[in-house]
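Undergrad: Got a structure for you, questions after.
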Amino acid sequence: MSEQAEKVKVVLRRQTWEVEPGITARQLLEHLNLNPESYLVTRDGELISDDTVIRPGDTIRLVAVISGG
Amino acid sequence: MRCRKCRQKAVINMRQHRLALCRDHYVEWFQQQTARTIKKYKMIRRDEPVLVAVSGGKDSLALWDVLLELGYRADGFYLRLGIDEGIGYSDESYAKIKQFVAQHPGTRLHVVDVKETYGETIPEVARRVRRGRGKPCSVCGLIKRHEMNRVAYELGYPVLATGHNLDDEAAVLFSNTLNWQVGYLARQYPVLPGREGFARKVKPFCRFYERETAAYALLRGIDYMYEECPFSVGANTIYYKELLNTLERERPGAKLHFYLSFLRAKEKEGLFADWEEPSVELHACERCGQPTSAPGRCAFCRLWPEDVLEQPHESFVPLTLVEGA
Ligand code: SF4
Ligand SMILES: [Zn+2]
Ligand SMILES: [Zn+2]
């Protein structure tokens, strides 16, 4: 199991994705076609800023911030 | 990205303010900004008890937390709507609120259960009165407004605070502008004065983006209700918020500017200042006393059968929970 093969697991509600590491949190959202204004990115329960680089093996949980009604 | 104040690693970057902050400095900034908004719009006096309308969502629980941190005597009000729809929406929201209260000893929560008090849940009333094309939102809004006013009045709170954020306000502004709803535009403001004994209404979070209130809740470890009310699916507000965020993504600060320049135009340039309310005479509802334009009873009191409204006064008194006092 090489480090490079380790993907990043991304979870949003009941949806999950696997992406390549090495991109920033903001690029990750863009990559998934999500508007970075409408989501927060957390890693191990901690909020991370836009420019934080996603590492191999990370589990990323996205928090949707828009609520309505 | 580094925190502007201490150079530690930032957890959030607010492009519209060109401001990145670490956890501690973000929490501090957020509380100070709320205090500034309260002061700027003269929302709450130091000696006034505040009733915070809580839904269990991020905005209202974050607001309650900040007001307590700022030293206000802030108590909660929760209306149990009885919305289940297979996901236990209301039960789970209530559980989040009770958990918040348990973590803040001495704070008070006033609860009105719509079904216990008036005999029907929100979806049940909506089905009976057939208002609002299969969605209970119009009945729900009417009941919420009425009960907030009533409870604040009966329990003697001069101020009622809600967790509306800038995205909420900008979405309403956008929708009212698309339709040139002059009456609504003339009234939209972060603070609405009270009248005839009814509480002043304030929105201390009106200058925060929705992602900022969510970030605050997250960083403070506030466990909020993440699932949306099942009836909010397809709501116009959500659509307008997404449109505004599309704009914001390309032009950081566009959303902030849209709302703040509206407020500035009202404050400095007299936008809508001489707009006069078409002379609908407001008078007190003959049953509950809340202001209404219809003669006789208000829309709320017209929702219910007579025997419901004639219950003894005790049945309308909210249940008050105080944890660990
Ligand atoms: S979405 Fe509609 S029914 Fe649900 S809480 Fe909001 S107003 Fe009430
Ligand atoms: Zn800092
Ligand atoms: Zn009435």
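Undergrad: Restricting to the stretch B:249-272, count the residues that are over 26 Å from B:G183 (Cα atoms) and in contact (Cβ under 8 Å) with a residue 60 or more places away in the chain.
TA: Within the stretch B:249-272, residues that are over 26 Å from B:G183 (Cα atoms) and in contact (Cβ under 8 Å) with a residue 60 or more places away in the chain number 2.
Undergrad: Okay, next question. Within the stretch B:25-53, track down each residue that is aliphatic (A, V, I, L, M) and out of contact with any Pro (no Cβ under 7 Å at 6 or more places or on another chain). Write out each step before concluding.
TA: Here is the first cut: in the stretch B:25-53, the residues aliphatic (A, V, I, L, M) are B:27, B:35, B:38, B:43-44, B:50-53.
Result: B:V27, B:A35, B:I44, B:V50, B:L51, B:V52, B:A53.
Undergrad: Evaluate the following for A:R14: is it in contact with an Asp or Glu (Cβ under 9 Å, 6 or more places away or on another chain) and either more than 26 Å from B:E250 (Cα to Cα) or among the basic types (K, R) (or both)? Break it down into steps so the answer makes sense when it comes.
TA: Details: in contact with an Asp or Glu (Cβ under 9 Å, 6 or more places away or on another chain): no; either more than 26 Å from B:E250 (Cα to Cα) or among the basic types (K, R) (or both): yes.
Criteria not met by A:R14.
Undergrad: Are any residues in the stretch B:284-311 open to solvent by 70 Å² or more (accessible area, probe 1.4 Å) and outside any loop (DSSP other than H, G, I, E, B), and if so, which ones?
TA: Answer for the stretch B:284-311, where residues must be open to solvent by 70 Å² or more (accessible area, probe 1.4 Å) and outside any loop (DSSP other than H, G, I, E, B): B:R302, B:E306, B:D307.
Undergrad: Say we look at the stretch B:123-156 and pick out the residues that are over 16 Å from the mean Cα position of the chain (by Cα) and open to solvent by less than 20 Å² (accessible area, probe 1.4 Å); which of these is farthest from the other protein chains (Cβ to nearest Cβ)? Before the answer, list the steps.
TA: Let us first name the residues in the stretch B:123-156 that are over 16 Å from the mean Cα position of the chain (by Cα), namely B:123-136, B:139, B:153-156.
Now narrow it down to the ones that are open to solvent by less than 20 Å² (accessible area, probe 1.4 Å): B:123, B:125-126, B:136, B:139.
Values: B:P123: 14, B:V125: 17, B:A126: 14, B:P136: 11, B:V139: 13 Å.
So the residue we want is B:V125.
Undergrad: Let me spell it out: the conditions are (1) within 16 Å of ligand 3 (Cβ to nearest atom); (2) more than 14 Å from chain A (Cβ to nearest Cβ); (3) in a helix (DSSP H, G or I); (4) out of contact with any helix residue (DSSP H, G or I) (no Cβ under 7 Å at 6 or more places or on another chain), and B:R195 meets all of them except one. Which number is the exception?
TA: It is condition (3) that B:R195 fails.
Undergrad: Could I ask something else about it? Identify all residues within the stretch B:11-40 that are free of Cβ contacts under 8 Å to residues at least 40 places away in the same chain, aliphatic (A, V, I, L, M) and away from chain A (no Cβ under 14 Å); write none if there are none.
TA: Passing the criteria: only B:A35.
Undergrad: Hey, another quick one. Cβ contacts < 6 Å: first residue more than 7 Å from chain B (Cβ to nearest Cβ), restricted to the stretch A:52-69; second residue in a loop (DSSP other than H, G, I, E, B) and open to solvent by 40 Å² or more (accessible area, probe 1.4 Å), any location; separation 6+ or different chain. Result?
TA: So the pair list comes out as A:I54/A:I23; A:P56/A:E6; A:G57/A:E6.
Undergrad: Within the stretch B:167-189, does at least one residue satisfy the condition of being basic (K, R) and farther than 30 Å from B:E248 by Cβ? Quick ask: steps written out before the conclusion?
TA: Of the stretch B:167-189, the ones basic (K, R) are B:187.
Imposing the further condition that a residue be farther than 30 Å from B:E248 by Cβ reduces the set to none.
Scanning the stretch B:167-189 turns up no residue that is basic (K, R) and farther than 30 Å from B:E248 by Cβ.
Undergrad: Could you run through the stretch B:45-65 and say how many residues are outside any strand (DSSP E or B) and either under 22 Å from B:P318 (Cβ atoms) or in contact with a Lys or Arg (Cβ under 9 Å, 6 or more places away or on another chain) (or both)?
TA: 14
Undergrad: What is the one condition in (1) within 16 Å of ligand 3 (Cβ to nearest atom); (2) open to solvent by 50 Å² or more (accessible area, probe 1.4 Å) that B:V114 does not satisfy?
TA: The number of the failed condition is (2).
Undergrad: Something else: Given the residues B:D59, B:D91, which is the only one that is within 16 Å of ligand 1 (Cβ to nearest atom) and within 14 Å of chain A (Cβ to nearest Cβ)?
TA: Details: B:D91 fails: within 14 Å of chain A (Cβ to nearest Cβ).
Unique residue meeting the criteria: B:D59.
The values are calculated or read from the model by the stated rules, or taken from the named source; none is laboratory data. Keep in mind the model is a prediction, meaning the values are calculated, not measured. Using ideal geometry, Cβ is built from the backbone for each residue, glycine included, and neighbour counts are taken over all protein chains shown. Protein only, heavy atoms only, side chains kept; ligands, DNA and RNA dropped before computing areas. Shrake-Rupley method; radii C 1.70, N 1.55, O 1.52, S 1.80 Å.
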